[in-house]
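Down below is the structure, laid out as structure tokens.
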Amino acid sequence: MGRDTFFITSPIYYPNDVPHIGHAYDAVAVDFVARYHRLRGEEVFHLTGTDEHGLNLQRAAERAGMSPQAWVDGMEPRWREVWARLAITYDDYIRTTEPRHEAAVQRLLTAVHENGRDDIYLGSYEGLYCVACEAYYVEGDLVDGMCPIHGRPVELLREENYFFRLSAYADRLLEHYDRTPSAVEPETRRNEVLSLIRGGLQDFSISRTSFRWGVQLPWDPQHVCYVWFDALANYITAAGYGSDPERFARLWPANIHMIGKDILRFHAIYWPAMLMAAGEEPPTQVWAHGFLTVGGQKMSKTNATGIHPFELADHFGVDSYRYYFMREIRFGEDGNFSWESMVDRHNADLANGLGNLASRVLAMLGTSFGGAVPEPALEGSQGDLPEVVADAVRRYEEHLLAVRLHEALAAVWDIVDRANGYLVEKEPWKLAKDPARADDLAGVLYASAETLRILAVLISPIMPGAASRLWAQLGIAEPLDAQRLPAAARWGALDPGTKTTKGESLFPRLEA
Ligand code: MSP
């Protein structure tokens, strides 16, 4: 059995607090891609979870006067409820405190420890540690003496640790990225990774003795495994590493690790090297997206920019929520959230764009044909819609396969815009008044309804709720989730006679 599954992962999140919209940004992107691959008929394994060990977590629990285990047990449902509400269709949810994961981490540690190259050795380390990053920095990394990512003070820590010989893997990593440039995307991030590797890699410590909240090293239980070594291994735990070799062969290497740019070096340097040291293949691709800001600022609890996803989903609806973040920000770059831009997108693209298109077409089908899709008697009346659709579908697929998520959606909106323009040109409301032009009217409404059918399929990975409402209004007998690309986007599949209904508007307009 070889690889037969599209395996995509989100990072596993620190449950030291509840999610904010930055965390959900990853989760929605991964879900969009996962649903798209399912729509292509692929077997998909979408993995997410929580990263429950480490000093930062232990301290969060201490502040709350709880044990770390009780803390993470209480937090986990708070994350899952967000993913459920945002329609995130993960296939597995891994918690690093689960026995299956602890066993896999120990197996990975043992594999590296016993690889015959002394890749794990005992040493001592003194360095500047950022607890929020769970990582050491050197003086030169700091910005105004603070952690470059969190802007928080670092602590001088000294420990006797086991080290991983990362320095031995620079050449193999460079070879890997040379052979497979697409292994880090986008290109700016790849260049960043290459320059870090060329700048020289330092061994990093993979164990801690200063606290107990972690996985014990199998050969020296005084030490607990460094949280990043532990966390990265989640991706292979869930794929059956060491527990189910057949399944592992089908799943590994993962197709895409989707991450934020802040955790790039862990995924694109540490992780492939760890895998190489254990005799396993590196991931096929690490895709690092940008950062979301609020009012131009980093999100944080203290300045009230740590927005919980429900605050937006309650107001805009889940579909609009998912759409906004994937369409507004060029995927890969940083982007700013603002309430105003979200209202604008909602009203322009969804309420006036797609929603209006659907309600106009369904209303006219109702008044002119009692809701039944007419026979497209005149070829000419469909105008350029079939070509516009075919071209946009092609671009949509190309962009999605390359994880250019905002461009994929822009391609879909080329269809929406053209279809609205087509209605303005064809003026079916006038045709309806002229019995001599009944065939023209039938052709125009068939073409419009067929466009709506294809749009429902195309938006289903990003707006699953709106897609199924639209599908139900179109009255198509075959279920939406049985549709497969590319066949489902081929022009002409809508059966005349299909009984449509106007129904409620897909996206009610919002006041600013
Ligand atoms: N636990 C580690 C990841 C381990 S993966 C083996 C971690 N957790 S995190 O909760 O801090 O971050 C999880 C993800 O959320 C990261 O991909 C991070 O980039 C993303 N984001 C957190 N804040 C973000 C924004 N403001 N904007 C976009 N993504 C952000 O790191």
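The values are calculated or read from the model by the stated rules, or taken from the named source; none is laboratory data. All values derive from a computational prediction rather than experimental measurement. Because the Cβ atoms are built from the backbone with ideal geometry, glycine has one as well, and the counts that use them run over all protein chains shown. Just so you know, the surface numbers come from the protein's heavy atoms only, side chains and all, with ligands and any DNA or RNA stripped out. Shrake-Rupley method; radii C 1.70, N 1.55, O 1.52, S 1.80 Å.
Each of S67, A231, L378 was scored by the projection of its Cα onto the charge dipole of the chain, and the greatest displacement toward the positive side belongs to L378; charges sit on the C-beta of Lys, Arg, Asp and Glu. Reducing the stretch 398-437 and the stretch 442-465 to their Cα centroids gives an inter-centroid distance of 9 Å. Legend: translational diffusion of the chain by Stokes-Einstein, Rh = Kirkwood radius over C-alpha pairs, 4 °C, 1.567 mPa s; D = 52 µm²/s.
Judged by a Cβ-Cβ distance under 4.7 Å, the unpaired cysteines of the chain are C225. Pairwise alpha-carbon distances in the stretch 115-194 exceed 16 Å for 66% of all pairs. Charged neighbours of V105, selected by a Cβ distance under 11 Å, balance to -1 (K, R count +1; D, E count -1).
Take every Cα pair under 8 Å in the stretch 447-512 that's 6+ residues apart, average their separations, divide by the length, and report that relative contact order as a whole percent. Could you put the intermediate results ahead of the total?
Numbers: 49 pairs, mean separation 24.9, N = 66.
Over the stretch 447-512, the number comes to 38 percent.
The amide H of L292, built 1.01 Å from its N in the peptide plane, has G335 as neighbours under 5 Å, considering only residues 5 or more places off or on other chains.
Give me the number: length gained by fully extending D414 to T110, i.e. 0.36 nm times residue separation minus the C-alpha to C-alpha distance, one decimal in nm. Display every interim value, and only then the final one.
On the way: separation 304, 0.36 × 304 = 109.44 nm, distance 5.34 nm.
My answer for the length gained is 104.1 nm.
For the stretch 272-360, a Kirkwood radius taken over Cα pairs fed into Stokes-Einstein (20 °C, viscosity 1.002 mPa s) yields D = 137 µm²/s.
What order, most packed first, do the peptides 452-458, 197-203 have when packing is the mean number of other Cβ atoms within 10 Å of each residue? Don't jump to the answer; show the numbers that get you there.
Values: 452-458: 24.7, 197-203: 13.6.
Per-residue mean Cβ counts within 10 Å order the peptides as 452-458, 197-203.
Hydrophobic, long helices, defined as DSSP H runs whose alpha-carbon span along the helix axis is 18 Å or greater and whose mean Kyte-Doolittle value is at least -1.0, occur in the chain at 21-39, 99-113, 356-369, 385-401, 405-426, 438-459. In this simple spin-label approximation, E246 and E511 carry label points 7 Å from Cα along the Cα→Cβ vector, and these lie 6.2 nm apart. Here the Karplus curve 6.51 cos²θ - 1.76 cosθ + 1.60, taken at θ = phi - 60°, turns the phi angles of the stretch 124-134 into couplings of 10, 9, 10, x, 8, 10, 9, 5, 5, 7, 6 Hz, with x standing for Gly and Pro.
Taking GluC sites (Glu not before Pro) as candidate sites, keep only those in a DSSP loop with at most 15 other Cβ atoms within 10 Å, then name the longest stretch of the chain containing none of them. Spell out each step's value before the answer.
Details: sites that count: E42, E114, E504, E511.
Looking at the chain, 115-503 is the longest stretch - no exposed GluC sites (Glu not before Pro) with at most 15 other Cβ atoms within 10 Å.
Let me know the shape class of the stretch 224-302, please: from the alpha-carbon gyration tensor, a ≥ b ≥ c as square roots of the eigenvalues, rounded when a/c is under 1.5, otherwise prolate if a/b is greater than b/c, or oblate. Because a/c hits 1.5 or more and a/b exceeds b/c, the stretch 224-302 counts as prolate. With all protein chains kept in place, the per residue accessible area of the stretch 217-355 amounts to 32 square angstrom at a probe of 1.4 angstrom.
Summarising the strand pairing of the chain, around 50 percent of its internal DSSP beta bridges are antiparallel. With all protein chains in place and a 1.4 Å probe, the accessible surface of the chain carries 50 percent carbon and sulfur. Which shape class applies to the stretch 45-187: rounded if a/c is under 1.5, otherwise prolate when a/b exceeds b/c and oblate if not, where a ≥ b ≥ c are the square roots of the Cα gyration tensor eigenvalues? Rounded shape, in that the Cα axes give a/c under 1.5. Relative to the Cα centre, the charge distribution of the chain, modelled as +1 at Lys and Arg Cβ and -1 at Asp and Glu Cβ, gives a dipole magnitude of about 700 debye. With an 8 Å Cα cut-off and a minimum separation of 6 or more residues, compute the relative contact order for the chain in percent. 16 percent.
Stretch D92-Q69 to full length: gain in nm at 0.36 nm per residue minus the Cα-Cα span? Before the final figure, lay out the partial values.
On the way: separation 23, 0.36 × 23 = 8.28 nm, distance 2.05 nm.
Result: 6.2 nm gained on full extension.
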